[in-house]
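Working notes, beginning with the structure itself.
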Amino acid sequence: MFMPQHNETHRTVLWGLVLAAGDGKRLQPYVQELNGGHLPKQFVNFIGQRSMLEHTFERAEKLIPPEKILTIVGKHHLALGRRTQPWQD
């Protein structure tokens, strides 16, 4: 695998792909208890004011510019994904 030596070159070469298409079935009982309704775990605020997906973006943006981070969501979660990452359409 090619890995550039210079950090800025590294940032211009990399793209990020965030997979967030699941329904979160295994955690659903806990999410319902915590949140009071059905919401896939990637959109739930387990820690602080941000969702798991937003925490993932924050970590990814340390290595990759936001415009080069793509998110894969299911069609039925598209509205939630757009609200979390508004620059991606």
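Readers should treat all values here as calculations from the given coordinates under stated rules, not as data from a laboratory. Bear in mind the structure is a predicted one, so any value in this text is a computation, not a measurement. We place every Cβ from the backbone using ideal geometry, glycine too, and count neighbours over all the protein chains shown.
A P(r) calculated from all alpha carbon pairs of segment 7-84, with 10 Å bins opening at zero, reads 18, 45, 26, 9, 1 percent. Put simply, the amide H of residue 18, placed in the peptide plane, has neighbours under 5 Å in 70, 71, 72, leaving out anything fewer than 5 places away on its chain. Computed extension length for residue 34-residue 17: 3.3 nm, one decimal, from 0.36 nm per residue of separation with the Cα-Cα distance subtracted.
With a simple spin-label model that places each label point 7 Å from the Cα along the Cα-to-Cβ direction, the separation between residue 72 and residue 50 comes to 2.3 nm. Listed by chain and number, the lysines whose alpha-carbon sits under 20 Å from that of residue 41, ignoring those within fewer than 8 places in the same chain, are 25, 75. Put a plus charge on the Cβ of each Lys and Arg, a minus charge on the Cβ of each Asp and Glu, and nothing anywhere else: the dipole of segment 7-84 about its Cα centre is then about 140 debye. Counted by neighbouring Cβ atoms within 10 Å, the residues 61, 33 run from fewest to most as 33, 61. Contact order for segment 7-84, expressed relative to its length and based on alpha carbon pairs under 8 Å spaced 6+ residues apart, stands at 40 percent.
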